[in-house]
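Report on the following structure.
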Amino acid sequence: MNPRVLVLTLSAFAFGSTAFIFAGVLETMAQDLGVATAVAGQLQTSYVLVSALLGPPLAWLLGRADRKVVLIAALGFGTLANLACALAPGFQSLLALRTLVGLAAAIAGPSASVAAAALAPPERRGSAVAMVMGGMTVAFVIGIPLGSFVGAHFGWRSTFILAGTLTAIAFAGVVALMPSVRPQPLRWAGGSI
């Protein structure tokens, strides 16, 4: 198993876990923040919507940037934003921070997939991308229940500390193990762009 692709999988796992990491303590969080549970659910919606809607245009805008640099920026920003969520004084500030974490996820997801494909030999590219995307699946199986466990025992704010820790581990892995990954020039029958 390629350790570089494993680090990219960890990046997908971290952001996948972050999306719904506090789902198990949503009612407690809503009571503490003084909002209805349905309103607190917007903390998940804002993350997912920003990530889904901004992912494609941000991937296009950052298409020529070094994937290592993009991932370091997204994971570093995601780490800080998750830790700031743990300290948020109220619902509105938490909603704004969750939106920013979704922005980091929108940048990290496509970059991790492209980097995995670039780091794998041609015959293993599909497997490398599938492994990175599998990090999201593992997040639903392990990350979210882990967040529920941590939140139930240490309070809902601890779920964001856990999310920040997972993202920081992925950040450290990318810094230590991932080489520079520059995008290939676009090619068509008439030449390259």
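The values are calculated or read from the model by the stated rules, or taken from the named source; none is laboratory data. Bear in mind that the values here come from a model prediction, so they are computed numbers and not experimental data. Note that we place each Cβ from the backbone using ideal geometry, even for glycine, and neighbour counts take in every protein chain shown. Calculation scope for accessible area: heavy atoms of the full protein, side chains included, ligands and nucleic acids excluded. Shrake-Rupley method; radii C 1.70, N 1.55, O 1.52, S 1.80 Å.
Observations on the structure shown:
- Within region 47-85, being of a type in the set (Gly, Ala, Ser) and at pLDDT 95 or above holds for Ala73, Ala74, Gly76, Gly78, Ala81, Ala84.
- Cβ-Cβ distances below 6 Å connect the following pairs, each with a first residue in region 169-180 that is of a type in the set (Gly, Ala, Ser), a second residue that is surrounded by fewer than 21 Cβ atoms within 10 Å (Cβ to Cβ), and a separation of six or more residues or different chains: Ser180/Asp66; Ser180/Lys68.
- When the test is whether a residue is more than 18 Å from Ala23 (Cα to Cα) and not small (Gly, Ala, Ser), Leu162 does not pass it.
- Test: residue in region 90-109 that is closer than 20 Å to Gly164 by Cα, outside any helix (DSSP H, G or I) and not hydroxyl-bearing (Ser, Thr, Tyr): yes
- Considering residues of region 136-164 that are under 18 Å from the mean Cα position of the chain (by Cα) and open to solvent by less than 10 Å² (accessible area, probe 1.4 Å) only, the residue nearest to Ala12 (Cα to Cα): Ala139
- In summary, helices (runs of 4 or more DSSP H) completely within region 1-84 and bearing 3 or more residues that are hydrophobic (A, V, I, L, M, F, W, C) and open to solvent by 10 Å² or more (accessible area, probe 1.4 Å) occur at 3-20, 42-61.
- Where a residue in region 14-35 is aromatic (Phe, Trp, Tyr) and its partner, wherever it lies, is not in a helix (DSSP H, G or I), with Cβ under 7 Å and at least six apart: Phe22/Trp156
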